[in-house]
Each structure stands twice: as structure tokens, then as C-alpha cells.
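Have a look at the structure below, then the notes.
The values are calculated or read from the model by the stated rules, or taken from the named source; none is laboratory data. Just so you know, these numbers come straight off a predicted model, no measurement behind them. Cβ: placed from backbone, ideal geometry, glycine included. Neighbour counts: every protein chain shown. Remember, those area values only see protein heavy atoms, side chains included, never the ligands or the DNA or RNA. Shrake-Rupley method; radii C 1.70, N 1.55, O 1.52, S 1.80 Å.
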Amino acid sequence: MNYNGVDFDTYLKHYPDENGYFGKYGGAYISDELRSAMEEITEAYFTISKSGKFINELRRIRREFQGRPTPISHLERLSGKCGRVQIYVKREDLNHTGAHKLNHCMGEALLAKYMGKKKVIAETGAGQHGVALATAAAYFGLECDIYMGAVDIKKQAPNVARMKILGANVIEVTDGLATLKEAVDAAFAAYAKDYKECIYCIGSVVGPHPFPMMVRDFQSVVGIEAREQFTEMTGELPDAIVACVGGGSNAAGFFAGFLNDPVDIYGVEPLGRGSKLGDHAASLTYGTEGVMHGFNSIMLKDENGEPAPVYSVASGLDYPSSGPEHAFLHDLGRVKYDVVNDDETIDAFFTLSRLEGIIPAIESSHAVAYAMKLAKKMEKGSILVNLSGRGDKDMDYIIEKYGIR
């Protein structure tokens, strides 16, 4: 498929380019000292990712430890509620640790072992990446520091407990809004001081090259599995696929399996309380081009051109930018990025739980909410949603703020 001059048949081989750019987005806007560290990671990744030993070990881990492949479920009752369109979900909530995050964390930790590193460092928002990396660190015998905003620590107490039980050092970040952006700032600062002994395992398809590429590649197992499973289950491709987008790791991996197919692709951003700056985290919908955390993408800016304050009911989506590949696909028009608000998200959370016996993560509930709206517009066909995580981590917060509906 050729789309606005881009050949998607060979897309994954050519994007990003050797400097980490997806068109004008991406790159590595970092100090010379950190640049050498990024080059070391890039060289190691390109070497190990072509190694049969590494690939076979990762496949074994996915099969024997993570429980992959995760299944696809047909949501018959939810589909009936929304009309005639049939809604399906890719069950990343059944991946070990309860979300898609372990897909890239096991790969990054395996890379760290290959490079002789002793520690992994990361940020986390909803806590799923932190739990996944703490799990990977325990599996490979590595030290683990997780930076997390004070607001998110309070919202995501179950995941904080899991990280600590797994042996991770959870470091509270109180600067600024004390959410995901500030956690990334703190993690990068710590990594800059100790990069010779550790590796920064970023939690999404963001940051300087090679992380947007590397995380997408590890997450592409989701899209590859989903395409094969859906075709086997139904005899055809879905008419549309849907995933939530914050930084965008679950979506990037999911979309990768379908970019060259005649399938409509939707990325769903958090509209939060509304379209006013500070009330949402919909960077691709309302943002402009800008550089933060070492990469060029589309971001939300304040009056001084700095990253703007953002909000989402989902801790894993409250980030003022998105991965450079998402910015590129947005500009191409290959993926349509749209929004749902907090109320629609919470309604989807309870609806999926009650009708199908699946409690979704609040992040994933954004995608479910959009699929419900899309189904009513389409009238016929099929939609496949990436259910990127389970909602165990969110239940206390949901009950405290919204009660039981």
C-alpha cells in the first residue's frame, strides 16, 4: 500500500531513518555525553536484534513467562448494545503483569544484560511500565529504580506496592504537577549521572533515538499476533482497529501489524475535562511541533513554548506529547487521531465490566469508549480494539472518585 508517497510494504525497514527520524519527527536532542550512551544502545540493539540466540530467547520468554500469544475475544453483548457492528478486543490485559508493557521491558532488560549493565532506570505514570520493568529486573537479576510522580503514586497505590514487592526502588517525584512528565525529567537526570552502569528503559515510543524505534519493534508482536488471530477467527481483516494513545507504545505496536492493510486505524487521545489547555492531554489533536525529552514531535505548549500542564483521568496518558511515529502517521493521514473525554471513558469502563466480565484499565477504556461510538456510526462491519491493560490498578481510585455505578 502506498499512502501519500509512503510505501507501507517496506515501511518498517525504512522508518525511522538512520538518525531516528520519521519524516521531520524524532531524532536525538541530547547532550554529547548522552549521545554516546544512545549510540552505544543503538549499536547493541542493531547487533542483538539480528541474533538468532536473542530472538529465540525472547520468543521463549514470551511463550513460557509472559503467556503469549494473548487471545482475541469477541464482545458479543457489547456489540449488541452498540448496533450491528461486531467489536473484538486483543487481550493484552492477559499478558503477564496485566498490560502490554512487559513486551518491551523484557526486551530492554535482555538488552541491558547483553550490554553488561547492572541497573535499569525508568519512569512510570499508571505504574504498568514500572511493574513490568520491576518484573523484568527481577527475572534477569538487575537492580531497578522507578521514578513516579507523587500524584500518580497516590492514584496507583496497588502498582506501587507491586513494584516494591518485586524489589524495585520507587522514587517519588514532587516537582511541578508531580505526574508523568516530571517522572520522565527525573529519570533522565538520574540516567545522565549513571549511564555507564545502567540503561534507561523508557516506557513508551518517546525519547531520543533509538527508543521510539526499539519500543515499537518490541511491541509489534501485538499487531502481528492480532492480524493473524483475527484473520483465522473471522476469515477476513477487521474494518477498523482502535487503540488509546498517550506516549503511544501500545498503539504503535498494534498499528504496526495493519499499516499495509486496507484497514481504518484510529488512535484515541484523552480529552479529559474538555478542550481548554490544562484540562486534557490530547497533544496530536491540539498541539504543535516541538522538542521535549530528547525528541521532536507534536506537543502541547504553554504561552512560553514550554510543555504545557496536562490532565487525564488515566495516569498513563497524561503526557504533553506523543511518540514521533504517531506525529508522522498523523501528518500522513494514515492514522486518524480523535478524542474521548473522562465521562465517556468511565462509562466504557463500567459498561465493559458489566456486559463482558472484563475490567479494563482506564487507559484502555478510552479505546473501548471510542469503539462504542464508532460502532454506532459504522452500522456494519467489525472493530478490533487493543485492550492494552486490566483495571485492577484503577479500582480503588474509580470507587473513591466515581463510586459504583
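Tabulated data
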{"read-out": "Residues of the stretch 194-223 classified as closer than 25 Å to Leu284 by Cα and part of a helix (DSSP H, G or I), total", "value": "13"}
{"read-out": "Residues located in the stretch 71-96, provided they are closer than 18 Å to Asp392 by Cβ and either surrounded by fewer than 24 Cβ atoms within 10 Å (Cβ to Cβ) or touching a Pro at 6+ places or on another chain (Cβ under 9 Å) (or both)", "value": "Ser73, Val89, Arg91, Asp93, Leu94, His96"}
{"read-out": "Residue tally, condition acidic (Asp, Glu) and within 16 Å of the chain's Cα centre (by Cα), over the stretch 99-148", "value": "2"}
{"read-out": "Cβ pairs under 7 Å, 6+ apart, first in the stretch 346-361 and open to solvent by less than 10 Å² (accessible area, probe 1.4 Å), second aromatic (Phe, Trp, Tyr)", "value": "Ile346/Tyr402; Pro360/Phe349"}
{"read-out": "Selected residue (criterion: farthest from Ala240 (Cα to Cα)) from residues of the stretch 299-313 that are crowded, with 24+ Cβ neighbours inside 10 Å and either touching an Asp or Glu at 6+ places or on another chain (Cβ under 9 Å) or at pLDDT below 95 (or both)", "value": "Val310"}
{"read-out": "Selection count, the stretch 261-278, where residues are in contact with a strand residue (DSSP E or B) (Cβ under 6 Å, 6 or more places away or on another chain) and either open to solvent by 70 Å² or more (accessible area, probe 1.4 Å) or more than 20 Å from Gly248 (Cα to Cα) (or both)", "value": "1"}
{"read-out": "Filter result (open to solvent by 10 Å² or more (accessible area, probe 1.4 Å) and more than 21 Å from the chain's Cα centre (by Cα)) within the stretch 186-211", "value": "Ala189, Ala190, Ala192, Lys193, Asp194, Tyr195, Lys196, Glu197"}
{"read-out": "Check on Ala183, in contact with a strand residue (DSSP E or B) (Cβ under 7 Å, 6 or more places away or on another chain), buried (at least 24 other Cβ atoms within 10 Å of the Cβ) and more than 19 Å from Thr124 (Cβ to Cβ)", "value": "no"}
{"read-out": "Leading residue by the ranking (farthest from Ile202 (Cα to Cα)) among those in the stretch 320-340 that are touching a Leu at 6+ places or on another chain (Cβ under 9 Å) and open to solvent by less than 10 Å² (accessible area, probe 1.4 Å)", "value": "Val340"}
